[in-house]
Structures are given as structure tokens and as C-alpha cells.
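The values are calculated or read from the model by the stated rules, or taken from the named source; none is laboratory data. For clarity, every value in this text was computed on a predicted model and none was experimentally measured. Heads up, the Cβs are rebuilt from the backbone with ideal geometry, glycines too, and the neighbour counts pull from every protein chain shown. What goes into the accessible areas is simple: the full protein's heavy atoms, side chains included, and nothing from ligands, DNA or RNA. Shrake-Rupley method; radii C 1.70, N 1.55, O 1.52, S 1.80 Å.
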Amino acid sequence: MSTEDKTIADIGLDKERIAAAYEEMQALLQATVDEGSSDLHIRVGLPPMLRVHGNLTALDAPALTAEESKALVYSITPDDKRIELEHEGGADFALPFGDQARFRVSVFKERDRYATVLRQIPTKMLTLEQIGLPQQVKELLWKPRGLILVTGPTGSGKTTTLASMLNIINEQRQVHMITVEDPIEYYHPHKGCVVTQREVGHDVPSFAEAIRRALRQDPDVILVGEMRDLETMQAAITAAETGHLVFATLHTTGAAETINRIVDAFPIDQQEQVRTQLADGLVAVISQLLLPRVDKPGRVAAFEIMIQTPAIRSRIRDNKTFQIASDIQTGAKFGMVALDAHLLDLYLNGMISYDDLVTKSRDPDTVVLKLRDELQAQGRR
């Protein structure tokens, strides 16, 4: 018996136990959907946990044993991903749940035990207005070329924002749209567009390879699920340069930090060239956070939005990205949004807490002063 065959056959669980665990997992996924939870955690020593409106809460169930957790993990993991789990210590894949939802699944080992986190991917596309993005962002979706980056920490809603943007293109333009993801999260049916969706690890070996091959497939719009390495960054920048509208994500916060992260990923002797490429090709950077609401259940997005202007183009080219924050603050007429200003608006509208206003802002002291001035102008104490 080969090593891979043994991985599947010799897991220490019988088929009946796996089948029972599968039924149990279906019930847990149903609870995740019913509770409006963003994530389901399966971990040894704890009952199943749901993240609801940003907070983890335990389901009313006993703590899971090592065998129970392993069975739950194996019950939903495809054979090829089981092999990857055993050999690499973890694997990622997408999991459909009827017509109610899809999940992005991460299965992994910790302390030689099995665990998983399943993130719910909503089936309903939100409009940009529902997300909270200004009209000027929608206008960017008709650009013939360039790079649009959506950034933020894990769980900040980047995937939802990008899916909504692509859905608008799909409904209102007649172009070829290629997405490259790991795994595919939102399915985009053919509407006005021809849509090609490729999954890294199944349809193509890497993001960079997918982008290079995409350029021979008559694309107009390309989505890069994550610019996770130098090769992918270079391929995405080149695609934007050569007449395509490219969307991509990074785990950065803020426009200046995003630009610096990309430039710093390149060898020193290439950085000046990359600055020039970004100065010419970067269309916008949309950075976002998801914060718990205090006025009602749910979360709300806070944004920083940078839209390319001649001034910002010069900042990037001249390596003066530290001045971009000032340009964003004065760029409202172009559709730009400063994070601190947006946080202050959310607080004044009773949507977020004072703690989140202060802790999430870039310049807390200035935000507190502006809040004091605003409250005095409104005649409040």
C-alpha cells in the first residue's frame, strides 16, 4: 500500500463513524447559517464555537474529544485534501451547503490533533451602497485598465467587497472576466460577461501562472484572490500595465502601507521601476475594517479610499508615500475617504463604540479633538 493510500485508509476511524460525523456537521452548518454566524470553529476540548457579530460564543453542546473533532474534520474533507492535511499539516478548500451558503474551510493539525474553521460565504451579493462605498468607487469599474486593490486584515470583508464589484461588472458590462482564487468563494454565473473562474491547486498550479496564462485568454477583467508573493505581484502589475483591469487583495491597512508593502517586496534594484509602474497603473486602494455595531446586531465597514490623482501619482513615483494621507484627507471631491473621518462619522451616527473609534483610528488624539469640537458645535456635552 502506498503512503497516500494508507493516509486515506488508516485514519483510525471507521466509515460508520465518519458518516455519523457528517450528519452532525450538517447540523452545525445549519446552526451557523441560522444564527447568521461568520465562522464555525471545531476544536478539541471545546464545544463547537460560532462567531456572531465578531464575538465567539459556544453552542450548547459538550466539549469535543480528539476522536470527535477528527471525525468531524474528516467527514467534510475531500480525499486529496486529506492527503494534504496529513502531509502538510493543513489544507484549504470550499464547501457547498445546499443552496443556503458556501464555506471557505481551513482544516489543520494543532498539537497533533485535528481542528477546522469554516467561514460562511454569503450567497447574496450586496450592493456597493449596502457595503457603504461611495458612488465614485462604482465609476472605477468602467476603467479600461489599471490595478484596484482591496486591502485589510483577515475577516474584514475584502472578498464580499470584491464579489460585489465583479457582480456589477457582470451585470452591466459585456467583457471577459477571469477570477483566480484559492479556493473559489463566490460563484459568478454568466450574465452580461463571459466568466472564467480558476482555482489554484485544481485548475492551475499558482496565482502567477494563472495570471500569465490569463493574458492569452482574451481577458478584460482579472481578479487575483491574493497577491501573496513577489511573482504574483509582478504578474498582476504587468497585467494591469498591458491593458487589463486587475483586482487584487493584500493583508495591509491603508493606502500608503499597501504601496510600501508592494515596493518593499521587490529587490532594491527593481524598486524604482515598481514605483513607476504603480504610479502609472494603480487606480485605487480601498482599505477596510469590520466593526461591531452598537445600534443593532451586525457589523459595519469602515473605509479608507485612495483614488489615483496626479498628486498621488507623484507621491508614489517620488517615494513620498507618507504624504498620501494628507492627499486623502483633502480628496473628498475625487471620492476619497480618510479612515479617521469615516470612523468619526460612524460614531456620531451611533453605529460604533467610542472604544472602536479611538483604537481603530490612525491619529486618536486628533480624532478625540475633532469629536469634542463636533459635539460642542451640536450643543452637546
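Pairs needed: first member in segment 349-364, part of a loop (DSSP other than H, G, I, E, B); second member anywhere, of a type outside the set (F, W, Y) and loosely packed, with under 14 Cβ neighbours inside 10 Å; C-beta distance under 8 Å; at least 6 residues apart or different chains.
As it stands, the answer is G350/D295; M351/D295, since those pairs meet every condition given.
Within segment 96-120, can you find the residues that are more than 18 Å from M49 (Cα to Cα) and out of contact with any Ser or Thr (no Cβ under 8 Å at 6 or more places or on another chain)?
Of everything in segment 96-120, those that are more than 18 Å from M49 (Cα to Cα) and out of contact with any Ser or Thr (no Cβ under 8 Å at 6 or more places or on another chain) turn out to be P96, F97, G98, R111, D112.
Report whether or not T242 is among the hydroxyl-bearing types (S, T, Y) and over 22 Å from the mean Cα position of the chain (by Cα).
Considered against the rule, which asks whether it is among the hydroxyl-bearing types (S, T, Y) and over 22 Å from the mean Cα position of the chain (by Cα), T242 comes out as yes.
Any residue in segment 95-113 that is modelled with pLDDT under 90 sitting within a Cβ distance under 8 Å of a residue that is open to solvent by 50 Å² or more (accessible area, probe 1.4 Å) and in a strand (DSSP E or B)? List the pairs, counting only those 6 or more apart or interchain.
Partner pairs satisfying both residue conditions: R102/P96.
Say whether the condition of being out of contact with any strand residue (DSSP E or B) (no Cβ under 7 Å at 6 or more places or on another chain), closer than 28 Å to P144 by Cβ, free of Cβ contacts under 8 Å to residues at least 24 places away in the same chain and open to solvent by 10 Å² or more (accessible area, probe 1.4 Å) is met by at least one residue in segment 300-314.
Looking for residues that are out of contact with any strand residue (DSSP E or B) (no Cβ under 7 Å at 6 or more places or on another chain), closer than 28 Å to P144 by Cβ, free of Cβ contacts under 8 Å to residues at least 24 places away in the same chain and open to solvent by 10 Å² or more (accessible area, probe 1.4 Å), one finds at least one in segment 300-314, hence yes.
Which residue is modelled with the highest pLDDT, if the candidates are limited to segment 157-175 and must be open to solvent by 10 Å² or more (accessible area, probe 1.4 Å) and over 19 Å from H244 (Cβ atoms)?
Looking at the filtered set, the residue picked out is E171.
Just checking, does segment 361-369 include any residue being under 24 Å from L133 (Cα atoms), surrounded by 11 or more Cβ atoms within 10 Å (Cβ to Cβ) and out of contact with any Asp or Glu (no Cβ under 9 Å at 6 or more places or on another chain)?
No, because not a single residue in segment 361-369 is under 24 Å from L133 (Cα atoms), surrounded by 11 or more Cβ atoms within 10 Å (Cβ to Cβ) and out of contact with any Asp or Glu (no Cβ under 9 Å at 6 or more places or on another chain).
Taking the criterion of being assigned to a helix (DSSP H, G or I), open to solvent by less than 40 Å² (accessible area, probe 1.4 Å) and more than 24 Å from P153 (Cα to Cα), would at least one residue in segment 29-47 satisfy it? Walk me through how you get there before you give the answer.
Within segment 29-47, the subset assigned to a helix (DSSP H, G or I) is 29-34.
Applying the additional criterion that residues be open to solvent by less than 40 Å² (accessible area, probe 1.4 Å) yields 29, 31-33.
With the extra rule that they be more than 24 Å from P153 (Cα to Cα), the set shrinks to 29, 31.
The answer is yes, given that some residue of segment 29-47 is assigned to a helix (DSSP H, G or I), open to solvent by less than 40 Å² (accessible area, probe 1.4 Å) and more than 24 Å from P153 (Cα to Cα).
Examine segment 102-120 for a residue that is of a type in the set (G, A, S), touching a Phe, Trp or Tyr at 6+ places or on another chain (Cβ under 8 Å) and closer than 30 Å to D220 by Cα, and state whether such a residue exists.
The answer is no, given that none of the residues of segment 102-120 is of a type in the set (G, A, S), touching a Phe, Trp or Tyr at 6+ places or on another chain (Cβ under 8 Å) and closer than 30 Å to D220 by Cα.
Filter segment 236-249 for residues that are open to solvent by less than 10 Å² (accessible area, probe 1.4 Å) and of a type outside the set (V, I, T); which is farthest from K360 (Cα to Cα)?
Residue satisfying both the conditions and the ranking: A239.
Residues checked against (1) touching a helix residue (DSSP H, G or I) at 6+ places or on another chain (Cβ under 7 Å); (2) part of a strand (DSSP E or B); (3) modelled with pLDDT under 95:
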residue: L147; (1), (2), (3): yes, yes, no
residue: V150; (1), (2), (3): yes, yes, no
residue: G155; (1), (2), (3): no, no, yes
residue: M177; (1), (2), (3): yes, yes, no
residue: Y186; (1), (2), (3): yes, no, yes
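Tally up the residues in segment 264-280 that are open to solvent by less than 50 Å² (accessible area, probe 1.4 Å) and without any contact (Cβ under 8 Å) to a residue 40 or more places away in the chain, please.
Going through segment 264-280 one residue at a time, the tally reaches 5.
Just wondering, is there one or more residues in segment 199-207 that are among the small types (G, A, S) and farther than 22 Å from G90 by Cβ?
No, the conditions are met nowhere in segment 199-207.
Only one of these is under 22 Å from L215 (Cα atoms) and open to solvent by 10 Å² or more (accessible area, probe 1.4 Å): R261, R293, R228. Name it.
Being under 22 Å from L215 (Cα atoms) and open to solvent by 10 Å² or more (accessible area, probe 1.4 Å) holds for just one of R261, R293, R228, which is R228.
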